[in-house]
Structure formats: structure tokens, C-alpha cells
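Notes follow once the structure below has been shown.
The values are calculated or read from the model by the stated rules, or taken from the named source; none is laboratory data. All of these numbers come straight from a predicted model, not from anything done at the bench. So basically every Cβ, Gly included, is an ideal-geometry build from the backbone, and we count neighbours across all protein chains shown. We work out accessible area using only protein heavy atoms, side chains counted, and drop any ligands, DNA or RNA first. Shrake-Rupley method; radii C 1.70, N 1.55, O 1.52, S 1.80 Å.
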Amino acid sequence: MHRRSRYGGIVVKKGTHYLKAEPWRIVESGFHREQDQVSESIFSIANEYLGIRGFFDEGYSGNSLLGAYVNGIYEYDQKPKPQYRGITDHTNFMLNCDNWLFTRIWADGELLDLARVQVSAFNRTLDMRTGEMSRQFTWTLNNGKNIAVTFSRLLSNSDERFAYQHVSLQADSDCRIDFSSGIDFNTVHGNYQQSFWTQQDVTQRGNALGIVGKTTSTEQYLGAAFRYTLNTKDETFAELDNDSKYIGVRIALNLKKQHPFVFDKEVLHDKSVDGKALSAFQVVSDLVRKPQRSFDFHRENQRTFWTDQWQHYDIEIDGDIDNQQGIRFCIFQLLQTYRGLSEHDNIGAKGLTGEVYNGHCYWETETVVLPFYLFTDIKAAKQLLDYRYRTLPQAKARAKMIDCVGASYPLATLNGEEGNDYWQHANTQLQPSTAVAFALWHYTRVSGEHEFLETKGIEMLVEISRFLRSRGDYGQVSHQFGFYGVMGPDEFQLMVNHDAYTNLMGKFTFEFTIETLKSLQNQDGDHYQALCKRLGVTIAEINEWQHAADHMLISVREDGVIEQQQGFFDLPHVDISKISQDQYPLYDHWSYDRLFRNDMIKQPDVLMYQFMFDSQFSRKEKQVNYDYYNARTVHESSLSPSIHSILAEELDKEEDALDFFGFATRLDLDNYNNNADAGLHMTSISAAWLNIVYGFGGLRSDDNVLAIAPKLPQLWQGYRFKVNYRGGLLDVHVSAGRVELTLTGITQLTLNVYGQRVTLKSGVTQGFVMKGVISHE
């Protein structure tokens, strides 16, 4: 079954709808072999420390990406020495770690492999109320015997180092079972097709077994230990192998008719990323120090955790089961991927669900993903900023490498170093640096807390401004400042001058840095003087930034359309409505240089800035820019449609708003981009939350006062979401013709509702007449 979504009346996406629509569960009923790796991505679970794709525990000879990840474990790929200065000579990538689910089952000599055996009643479920991923099916042996098989897995959110596995077998006739379970470091990285692990140590202590692996070049250590419980007295023995990078237990038993065999496994991981060795004895000792519990016990612990999470973060949609399931899946994945457990963690483009993009984070973390955490978990949002502060030395080294000063944040990174070796992207995109400045501004505005900005934040701002001043220059004819030889958010325009987004964000960064310094000077002159001395900031340097901001070149046509870059209006035009669907994705079907020879846009540039700084623009300015650029955007980026939907909703372009939203929450669930097999799209997942809260909910956070102006899509009977803001919880309930706002946690909150200043009192529900219904044809 397929579902289609339109952009402005043009059918451009077709999704595969093979999962059951349920409000709290993702369910695959029946085995869809053609969706092997897509299902592995969708049924991934994580807890920020660990991530595991939904691959089969028992092994599978069909299409599979056996992905098991530990945050912060990575390797280097040394490249040939670049021909030119400024191009990185190595990349870093997230490593595929140990397969702690390793299981092999033989029944009467027949190996369980779903690519080769006969199975029926297959069901795979991801329960978003517990975080449990489970499978059930009936295995029919060649001799006609039937075995009911169940696999379940959990990752702990109370101690993120722990993971749990449950296996049960029940036969309709007596049969011989040979069962193996262990931890395997023979995992192969999907992109490089090799293992990057060497075995360091193994040990056994009763029913607990441990192993330590070491990465090839980064010299990081990962220890994994497990212990198991059985419901059988049959003979068992541990299988230790110092050469195979595997440790496990092998069990032989006679499975009696209708007497189930149950195997539960508790797994502990520990890592050392600073070169300090781990011992298997140490990891096993940490494991056995904890009391051994049943899988059911751990499931109930997880249920308690997720019940609390959903009370704070849920979005309820009445009347649309597909998008209800979709948005909960998005929120679930965001909370799985990142909760601010460590300042060393960031949010990779695929989270912990796949190896495409190498586990790197990008500038969208600060611009698209951060708002979710700003309005749900401000402490986690702050940790994302701390990550950028911790990697400031690497950003400064990168600026020096490209003949600049200050700090140039990397386009793609795991550890703060530039991980993208495509110079046309890594050396020309300035948005990672300006996105950090924007994130500092946005965090301060939403949280109301200035300490981070005035200590760590100002240091980042100063160094980013230094970089921007050294990277930009003045035109010899225009005498205007700008950035030359850049690539903005629209990656279909290469080595352009005066990209609008880049220039506007440069101007913003200069002005915000100066504003912050002036505020510090006024509040605490001694602190200001000490800061300037420590960082070497001078009045002359500040004046240079101000002059560059005042003379930033922004080209605006008479009708108010901002020119995306110098000369953009004169580029050859491509009628995107005439591009046939078999040409998408264009990266796969057009020559690389062909993408850069016209006015076709990959993702919003001018409109991205207008989304981020909505209050700076009049309705007319948004209208003319939306109309012009929407007709040229092909949305080859997964975040692009949601940004367009949010702006379309504000401009009362109801059909566009709904068409762009059409696959926002289900991009991966229905595999609209035909690439969910490689992992989930974390930016798109965050953008789906934005699409509902900023789009239909009308939330705006860029002005001095928080604003909200909800509308109700006609297909919905109502919806409800909550945002945390300055210590308070704002509950927004939208139904036919009415909006109800309830504040808890703080005494009062002043905000703009449909343009009117309103003060909410704690515990009092205040109703408003809704001023917009989104129709749908």
C-alpha cells in the first residue's frame, strides 16, 4: 500500500505504508522481506549511551545492517595528503561496536535464519510506552514441528550502560535445541566493510562473562559483560575464545512439548575514550555488583520512565491516527537519541540508527533540533551548547587551517574536528559557526538565563566573530562587506558571493556579539575588562565588527524579494514541475555540476532565515519571498518541507501547509525518501515537531515575548501539546473554534496570543476563540 504527498499540487513523494497505524506502537504484522533494512532502522532503540538497530538477534543471511553503537566511540579514516592547503586529511566516523544480542539457535539440527526457514504469524513491535522492541513468530521445521519464538530487547534509562535481552522457545513436539548466546566484536562497519576492533581481554565469573575490545587507531576501549538466567537445568558450558573477538555460552537441551525454554540476558557496557585501558574483570565486577533482575522487572522500570516522559512531552492529535503515531514516533526517537547525559554527546544526522553521515552532527542541530529541547528540556539544550564550548579549541585550529583567525566550527563532526573532506562543502559553508551564535541567542531568549552566555558563550561569540571578519571582506566597487566563495544552506549553489543567509547571519552574529559585550560592560565593568584582557578584545576590533555589520550587503528587489546570492535573479530558470519523478533524488540522476547551473534550490536559504527571525519581517515581505522561492525549491533536504509548511501556515496558504506537512511525521515510517534503510532522519524528525508546534500551533520564540497563534487543520478534531518555558509548563489544547491555555509551575506568564498581550495565571485555564482553521480539499 502506498501513500502520496504533494508539494503545491505536484506529486513528488510516494511512501510505502506497511506498518499498522496504532497510537502507541509501531507494528509490522507479517514478515516484509523487501523492507529488511528499513525495518531495522524504524525498530531501532537507543538511550543516548547505546543504540541498536532492529536487526535479528539470531542472525540473518538476507539484507541487513547489523548496527550496534556506543556514543563517543569512533575511528579515523586517513585520507591521501590533500593537494591543496585547507582540506582535511582525515575524517572521523561512528564505529559499529559489539553485537551484544548475538544468538544462534538450532532445532533438530536446523539453523534459525528467517531468510531460509519457514515462518508464520510474524509480528514485530516497538512499544513507545516501554521502549521495548519485540518479535514473535512460529518457526516450522523441515520435519513439521512448530516452535513459537519470542525475542525482546530493552535499553535502560536508569543506568544507560545496561541492556537486556529475552528469548523464549515453545514447541508443539519434543525437539533438540542447541542455543548459543554471547558478545561478538566481529562486527563489520557498513560503509567500510571491515571490523575496526582488536580483542584485549576476556574473563568468566560464574554465569557472568566479559570481553574488552580496542579500536584500531583511536585507541578507545569498550568493555562488555553479560550474565544470564535459564529456566532449565540442562548442562551448559561457557565458550571462551581469545582469538575470535567473541565470548559466549552454549546451551544444549531437550525441549519438551509445551514446556517453554526462557533465556534472559543482562548486558553492561563501559567505555574508555581517553586511552586508559579497561579489563574484562573490571567490567564483569561492575555487572555482578548489581542485583540480578528479571526481564519483566526491567520492562516495568522502563514503563515508569516512559510514562513520566510522555506526561511532559506528548503531542495528542484527535482524528488523525497516522500523524498521531507519526509524531509520537518522532518524539520517542528524539528522547531516545539525546537527553543531555554528557557534554561529550551531540546529535548525529542519523542518531544511533545508522552509519550514513558517519554519526556526524551538522549545523541543523542548533537551528532545527535545538528548539525541541529548548521547549522540553532546557538542561539538555544547555548541554548541546556545552558541547560546542568544549570543542572550541578544535574550531580555532580549523580556522587557522583555512587561513583565518577565530573559530570556524566544522560542517560535520563527532569530536570537534572537521569530518567532511569535501572542500566544496567543508570550506565554504559558514552556517555551522553562525548557527552556534544563533543557538546561544535562542537559548538565552527562551531560558532567560544569562550566565552561560556571559561566561562560555561570549568566548565563543568573540572567536566566531573574529573568524567571520577574517573570512569576509569588502567589495572593491560596492565597498560593502560580505562573504565570497561560499555555499549557503542551499547546497545547489556553489562558490557564490553574498549568499543572503550567510550575510544575514554574519550581520546577526557581529551585532549579537557587540550587544553581549556592551551588556557585560554595563553590568560588571571589572568582569568585562578581565574578559577583554583574557581574550585580547580591543575597541578597534569591536569597531571593525560593527562596521562590517553596518555595511553588510543584502540585495533586495523593489518588490521585497531578497536575492539569494549575487546574480541569482539572472540564473537560468528550471521549471521544477517538469522534472519527472524518476529523476529524484537528483544527486543520483544528475551530473554533479549540472545541479549548480540554474536557479533550482535544494532547501530554503532566504526562507530559512525568515523562519528563524520571523518577527523581523512584515507579512508582505514573507509573502513575496515565499512565493518566489517556493516555486524553485525541490526539497532534496528532509527538513525543507517543514520549514515551508510553517511559513505557508502563517501566510494562510492552507493547501501548501498541509501538502508540505503531508509526510513530515512519517518520513521514515513510510520511507518517503526511499532511504530509511540507512537510518532515521533526525533533522526531519525534529522538523516534524516544529511543524506542529511552530506551524499549526503558531509558536514564535524570536521576539521579546513568546507568541502563539494556533490553527486547527480541518482533518483534525483537535490537538494538544506542552512547552516548558522559563520554569513553567504551558499546556496548549486546541479544539474546534477554541484554544485553551493552562500554566503550571510558575506564578504567571505573559505572552502574545493572536497578537494580543495576555498574562496567564498558574492553575487557571484561559480560553480563546481560535482565529484560523486550516481547510483541506
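Here are a few things to note about the model shown:
- Nearest 10 degrees, 0 to 90: helix 525-535 Cα axis against the chain principal axis: 70 degrees
- Using the Cβ of Ala46 as centre and a radius below 12 Å, the other residues enclosed give a net charge of +1, where K and R count +1 and D and E count -1.
- Cα gyration tensor shape of region 545-673, rounded if a/c is under 1.5, else prolate or oblate by comparing a/b with b/c: oblate
- Per residue solvent-accessible surface (Å²) - region 232-332, probe of 1.4 Å: 49 Å²
- Cα→Cβ-extended label distance, 7 Å offset, between His425 and Lys79, nm: 1.1 nm
- Annotation: for a label point projected 7 angstrom from Cα along Cα→Cβ of Glu541, residues of region 379-407 with backbone N closer than 14 Å are 396, 405-407.
- In region 327-453, Cα pairs under 8 Å separated by at least six residues give a relative contact order of 23 percent.
- Cα centroid of region 728-746 to Cα centroid of region 482-522, whole Å: 37 Å
- For the chain, the residue among His189, Trp24, Leu680 whose Cα projects farthest onto the positive side of the dipole built from Cβ charges is Trp24.
- Placing R0 at 41 angstrom, the Cβ-Cβ distance between Gln476 and Ser618 gives a FRET efficiency of 0.75 after rounding to 0.05.
- Each of Thr229 and Gln529 was given a label point 7 Å from its Cα along the Cα-to-Cβ line. The distance between the two points is 6.7 nm.
- Counting only residues at least eight positions apart within a chain, or on another chain, the lysines with an alpha carbon under 16 Å from that of Lys265 are Lys290.
- Charge dipole (Cα centre; +1 on Lys/Arg Cβ, -1 on Asp/Glu Cβ; no other charges) of region 407-552 amounts to roughly 200 debye.
- In the chain, the calculated helix contribution to ellipticity at 222 nm averages -8500 deg cm²/dmol per residue, counting -39,500 (n - 2.57) for every DSSP H run with n ≥ 4.
- Carbon/sulfur fraction of accessible area - the chain, other protein chains in place, 1.4 Å, %: 46 percent
- Cα-based helix-to-principal-axis angle, 431-447 vs the chain, degrees rounded to 10: 90 degrees
- Sequence-distant aspartates and glutamates (8 or more away, or on other chains) whose Cα lies within less than 17 Å of Lys578: Asp599, Glu636
- The C-alpha atoms of the chain define a longest principal axis, and helix 378-390 lies at about 80 degrees to it.
- Contact order, relative form, for the chain: 12 percent (alpha carbon pairs under 8 Å, 6 or more residues apart, mean separation divided by residue count).
- Of [x] 84, 71, 49; [y] 86, 58, 57; [z] 152, 66, 59, the label for Cα extents along the principal axes in Å derived from the coordinates: [y]
- Each of Thr413, Ile708, Trp363 was scored by the projection of its Cα onto the charge dipole of the chain, and the greatest displacement toward the positive side belongs to Ile708; charges sit on the C-beta of Lys, Arg, Asp and Glu.
- Cα shape, region 109-200, gyration tensor, a/c 1.5 rule: oblate
- Gain on full extension, evaluated as 0.36 nm per residue between Asp178 and Met495 minus their Cα-Cα distance, stands at 108.0 nm.
- Size of charge dipole - the chain - debye, nearest 20, with Cβ of Lys, Arg +1 and Asp, Glu -1, no other charges: 1000 debye
- Residue-count net charge about Gln83 - beta-carbon cut-off 15 Å; Lys, Arg +1, Asp, Glu -1: +1
- Extension gain, Tyr754 to Thr140: 0.36 nm times the residue separation minus the Cα-Cα distance gives 214.8 nm.
- Cross-link table Lys602/Lys771; Lys14/Lys620; Lys271/Lys722; Lys245/Lys396; Lys653/Lys722; Lys350/Lys400, entries beyond 28 Å C-alpha to C-alpha: Lys602/Lys771; Lys14/Lys620; Lys271/Lys722; Lys245/Lys396; Lys350/Lys400
- Excluding ligands, DNA and RNA, the accessible surface per residue across region 359-503 is 28 Å² with a 1.4 Å probe.
- The modelled label-to-label distance for the pair Arg129/Glu511, using points 7 Å beyond Cα in the direction of Cβ, is 5.0 nm.
- Listed by chain and number, the lysines whose C-alpha is less than 21 Å from the C-alpha of Lys145, apart from same-chain residues fewer than 8 away, are Lys256, Lys257.
- Prolate/oblate/rounded label for region 616-717 (Cα gyration tensor, a/c 1.5): prolate
- Computed over protein heavy atoms with a 1.4 Å probe, the accessible surface of region 543-598 works out to 59 Å² per residue.
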